[in-house]
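The structure under discussion appears below in the form of C-alpha cells.
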Amino acid sequence: MPHAPNAGQTTNNHQLNRGVWGAAGAPAQVPFNTVGQRVPLKDAFRKVTGEGIYADDMRLPGMLHARILRSTHAHARIRSIDTRAAEALPGVRAVITGAESDRRFGVLPVSEDETALATDKAIYVGDPVAAVAADSEEIAAQAIWLIEVDYEPLPEFLKPQDSLKQVPPEHQLHDKVDKGHPGTNVHKAVDQEFGDVQGAFKQAACIVNGEFKFDGITHAPTEPHAVLAHWDADDRLNLFTPQQVPHYTHKALSKVLDLPMHRIQVIRTMVGGGFGGKSDPFQHEMVVAMLSRRTRRPVKLTMDREEIFLTGRGRHPTEGKLAMAFGADGKLLGLDSDIIIDGGAFASFGVVSTYYNGVLSNGPYLLPAFRYKGRRIYSNRIPSGAMRGHGSVNPRYCTETLVDMAAVKLGLDPCELRLRNFLQPNTLTPFHKFRITSNGVREALLEAMKRSDWKNKWGKLPYGHGIGVGCSFFISGSALPIHWNKLPQSTVHLKIDFDGGVTVHSMAADIGQGSDTVLAQCVAEVLGVKLDRVHVKSQASDMAPVDLGSYSSRVTFMAGNAARDAAEKARALLADAAAKLTGQPAQYFDFVDEQLICRSKPHIRVSFMDALHEAHSGRGALAVSGCYQSPPLGTEFKGSNAGLSPSYSFSAFICELKVDPDTGIVTPIKVWAAHDCGRALNPLSVEGQIEGSVHMGLGQALTEQMRYRGGQLLNANLLDYKIPMTVDTPEIEAIAIESVDPEGPFGAKEAGEGALAPIIPAVGNAIYDAIGVRMFEVPMTPERILRAIEAKKREQTK
C-alpha cells in the first residue's frame, strides 16, 4: 500500500481557548469563526468522488506520449548513442539525447549538477539517457529499446568510504565537490564545534555511545510522477505537474530551455502525495518540455512504479557514530556526532541535508557542548534528497536511543531524564541561536505519560512486551530561502468581487496536507465569513504570486501569515466602508457571522455584502496583497543559517509493542503521539497529519528499506518494498498540544513533518524494554532483532 496523501482518522476531541482577531489586533470576547473547527479539507470531496484532476488524467488534442531510456550501468561513459532505429519506427515523433541541452540545474543554486539527460556519462542505474515522444505509450515503450547505447564501464562507488578517497578526475561523479576534499566524491562536508566538548566528556558521570546504520527509504506516494508539457500557439510553454514547489521548477525550466520565465506557465495539478519526493525540479519535467518544443505538440509522461523508485530523492542511507555525555544529576553535558550520508548520484537538497543532520540535534534538549562532523558523499546509487522530516529523522533516532541508554546507566526513568533536559520556551539555543518561542514539549511528554500509564508499564511488563519513548523538534519553515534575494518568502493576493466571493491566490502547494484549507480558514477568520465563501486558487503561476512551496513544514506558518496579512488589509477597507455607512469609527467594528458589528453599540450592524458594495464604490473589486518574511535570526559563523526557523514544533511519543523472541516480529499495540503544533487551526487535519507521520515512521522503523545488489535496486515495487498496511497499523492516539505561538497565524505552527521523527526511537526503545536488546540498525527487521538477541546471549555466556 503506497503512502496515502492524507492518512488518519479522528482520535480525540479538542477543547480550545476561544477568541477572535479583533479589528485593532487584540482578541475580542467572541468565539473564533473557523479557527479551531473540525472542517473537511477543501479538496476532500473532489478526491473521494473522483472529480480531482491529476496529471495522468489530462488529455489534450494531438497529445503524444513519452518514455525515457535509463542507464543499465551504475557508472559508465557514454561512447555513442544510435537513435536511428527508434526514429524510423512508425508513430515515433521525436527522439532526444543529452545533446539536446547540457545546461545544468538543481533545486539548490549552490549545487546545480543535473542535466535533463545524461551527457557524457551515466552515474546510476536508472539515470535518464534518452527519451522518445510517440503517438502512444506502447510505441514509445517499444522505441526506447531500439536505441543503442555504447557504454564504457567505469569504477563504481557504492560504499561511503570509497567516495571519501582520492580518485582520478575521470572517476569523479561530478566536477564540483567540497572545497576541503578535492579529487574525491565528497559533495559536502560540515565541521562544527561549540562549547567545551572535550571537557564535557572528561567530567561526565555517564558516557553513552553507539554506531548506527540506516538503510535508504523512498516516499512511495500513491500518485506516480506524471507531467504534461504543451508548447502552445502563443509560443509559451505550459507545464502541468504535481509539484510541491512549482516556483523552483519554473526557474529550472527557464534556465534549461533558455527562456524568460514569463514565457513559461507552471500549473500544479492535484498532488496524490508528496512527502518531499516532488519538491525538486526533475529531469523528466525538462525532458517532456524539450520534446514538446521539438514536436510542437502536447507531450505527456507517466512513470511506472519502478521508475518512481529510480527517480528517488528519498531518505539518505546513513552511518553515524555518536556519543553523549551526562552528569550524575542527569543533565546533558555534550554531544559528539560523526555522520556520513549517502547522497547518491545528485546534489538535490544535499547541502541542507548535511547541515540538518547535525544542527537539528540542538533540541529538544539544552545542549551545552556540541561537535558535529558531517559528510555527504556522491555515489552510484539512486539520488537521495528531502523526505518528510528532512535531515532530522535518522540523527533523532541516534540521540533518543543514547538518551535512553543514559537513563538506564544512571538508574533513571527515561521520561524523567528527558524532563530534566528540555529547552525552555522563549529562549535561544546556546550556539546556533535557534529562537525558541512557544514550547509545549514538557506538556506533550507529561500528557503522553499519563494517557499511556507509563509509570505502571515501563520496566514492569512481561518479557516480550515493552513500552518506549521518543521526543523531537522540527522547524516551521526555513528562515533562510534557498534563493538569496529580497522577495518575500510567501505572498498571497486576495480579491473580493461584486458577487461576494473571496478568492485567495497563492502558489503554496496543497499536497494533501490541507494548506488550501488553512489559507481559507485564515482569511475567513479575519473577515468573519463562512468558509464556503472563500475560494483558493493555488495552481497556476500566471494567476498566483510566488511562494517557495511545500517543504520544510513552512506553509501553515509562512503562507498562513501572508494570507492573514492580505485579509487584514481587506478587512480595513471593509471597516472603512462600514464607518461611512454608520458614522462609527472603523476600528470599532468586529467581523462576526458575515456581519460587521460595532463593538461599542452592538445594535449597529452592517452586513458583509453591504460593506463590500460600499467599499467597491469608485474602485471596483477589492484587490490586496499580503506577504510574509521571516525576521532576522541567527548568528554569523559559516552554516549558521541552517536550521533557523521563526518557530519550532515539539513532539513526545510513547509506543507500546510486543516482540516475539522466536521470530523477531514486532507488533505495535498502541502509540500515544503528542505534538505541539501551536494552535490547531483545524484539529481534524492536525490529527490526520500526526497519524500519517506515525504510519510512515513505523514503516521506516520496522520494514521499509531499499535493497541493492551492486548498483541495482532489487525491490523497486510495492510488493517487495514493505510499507505497513492498514492491518499493521496500531491504534494511534493523536494528541494536539496547543502552545499557541506568538508569531504563527492565530498561534499555529507546523504539524506535517515534525511528528515523524519520534516514533522510530519510541519503537526502538520499546524493543529494548521488551527484550533487553538495543537496535543500532534501522529498519529493525526480524532478522536484525534475532541477530541482536543471539549477540546478547553470546555476550552473557562469556
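The values are calculated or read from the model by the stated rules, or taken from the named source; none is laboratory data. What you see is a predicted model, and the numbers here were worked out from it, not measured in a lab. Positions of Cβ are backbone-derived with ideal geometry, glycine not excepted, and every protein chain shown enters the neighbour counts. For accessibility, only protein heavy atoms count, side chains too; no ligands or nucleic acids. Shrake-Rupley method; radii C 1.70, N 1.55, O 1.52, S 1.80 Å.
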Every listed condition ((1) in contact (Cβ under 8 Å) with a residue 40 or more places away in the chain; (2) within 30 Å of H75 (Cα to Cα); (3) not small (G, A, S)) holds for L402 save (2)
Restricting to segment 167-193, name every residue that is under 30 Å from the mean Cα position of the chain (by Cα) and open to solvent by 40 Å² or more (accessible area, probe 1.4 Å).
D175, K176, K179, G180, H181, D191, E193
From S625, S630, which residue is touching a residue at least 24 places away in the same chain (Cβ under 8 Å) and open to solvent by less than 40 Å² (accessible area, probe 1.4 Å)?
S630
Conditions (1) farther than 26 Å from I737 by Cβ; (2) of a type outside the set (F, W, Y); (3) open to solvent by 20 Å² or more (accessible area, probe 1.4 Å): number failed by A509
(3)
Show the residue pairs that are 6+ apart or on different chains and have beta-carbon atoms under 6 Å apart, the first residue being within segment 584-606 and crowded, with 18+ Cβ neighbours inside 10 Å, the second being at pLDDT below 95 and outside any loop (DSSP other than H, G, I, E, B).
D590/A28
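Closer than 25 Å to L487 by Cα and in a strand (DSSP E or B): is that true of V518 in this structure? Talk me through it step by step, then tell me what you get.
Details: closer than 25 Å to L487 by Cα: yes; in a strand (DSSP E or B): no.
The answer is no for V518.
Okay, residues lined up against (1) surrounded by fewer than 20 Cβ atoms within 10 Å (Cβ to Cβ); (2) of a type in the set (G, A, S); (3) within 23 Å of the chain's Cα centre (by Cα):
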| residue | (1), (2), (3) |
| --- | --- |
| D234 | yes, no, no |
| I264 | no, no, no |
| A289 | no, yes, no |
| T295 | yes, no, no |
Hits in segment 411-422 (condition: open to solvent by 20 Å² or more (accessible area, probe 1.4 Å), in contact (Cβ under 8 Å) with a residue 40 or more places away in the chain and of a type in the set (A, V, I, L, M, F, W, C)):
L412
With the condition kept exactly as written, say whether any residue in segment 648-669 is open to solvent by 40 Å² or more (accessible area, probe 1.4 Å), closer than 30 Å to A189 by Cβ and of a type in the set (K, R).
no
Report whether or not A116 is at pLDDT 95 or above and surrounded by 15 or more Cβ atoms within 10 Å (Cβ to Cβ).
yes
Could you list all residues from segment 423-465 that are touching a Lys or Arg at 6+ places or on another chain (Cβ under 8 Å) and either open to solvent by less than 10 Å² (accessible area, probe 1.4 Å) or in a loop (DSSP other than H, G, I, E, B) (or both)?
S438, L445, S452, G464
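Collect the residues in segment 89-103 that are surrounded by fewer than 18 Cβ atoms within 10 Å (Cβ to Cβ) and in contact (Cβ under 8 Å) with a residue 60 or more places away in the chain, keeping them in residue-number order. Break it down into steps so the answer makes sense when it comes.
Step one: filter segment 89-103 for residues surrounded by fewer than 18 Cβ atoms within 10 Å (Cβ to Cβ), giving 89-91, 99, 102-103.
Selection gives R103 alone.
Scan segment 124-132 and tell me whether some residue there is acidic (D, E), in contact (Cβ under 8 Å) with a residue 60 or more places away in the chain and open to solvent by 30 Å² or more (accessible area, probe 1.4 Å). Talk me through it step by step, then tell me what you get.
Just the residues of segment 124-132 that are acidic (D, E), to begin with: 127.
From the residues that got through so far, the ones that are in contact (Cβ under 8 Å) with a residue 60 or more places away in the chain too are 127.
Restricting the remaining residues to those that are open to solvent by 30 Å² or more (accessible area, probe 1.4 Å) gives none.
No: segment 124-132 contains no residue that is acidic (D, E), in contact (Cβ under 8 Å) with a residue 60 or more places away in the chain and open to solvent by 30 Å² or more (accessible area, probe 1.4 Å).
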Condition (residue is modelled with pLDDT of 95 or more, open to solvent by less than 10 Å² (accessible area, probe 1.4 Å) and more than 15 Å from A757 (Cβ to Cβ)) applied to segment 359-368: is it met by at least one residue?
yes
Of the residues in segment 347-358, those that are over 17 Å from I217 (Cβ atoms) and open to solvent by less than 10 Å² (accessible area, probe 1.4 Å) come to A347, T354, G358
Residue pairs qualifying under the 8 Å Cβ cut-off, at least six apart or on distinct chains, with the first in segment 538-552 being within 11 Å of Q244 (Cβ to Cβ) and the second being in a loop (DSSP other than H, G, I, E, B) and open to solvent by 40 Å² or more (accessible area, probe 1.4 Å), are S550/Q513
Hey, does segment 776-790 have a residue that's assigned to a loop (DSSP other than H, G, I, E, B), open to solvent by less than 50 Å² (accessible area, probe 1.4 Å) and basic (K, R)?
no
Select from segment 630-643 the residues that are touching a helix residue (DSSP H, G or I) at 6+ places or on another chain (Cβ under 9 Å) and within 24 Å of R564 (Cβ to Cβ) and list them in ascending order.
S630
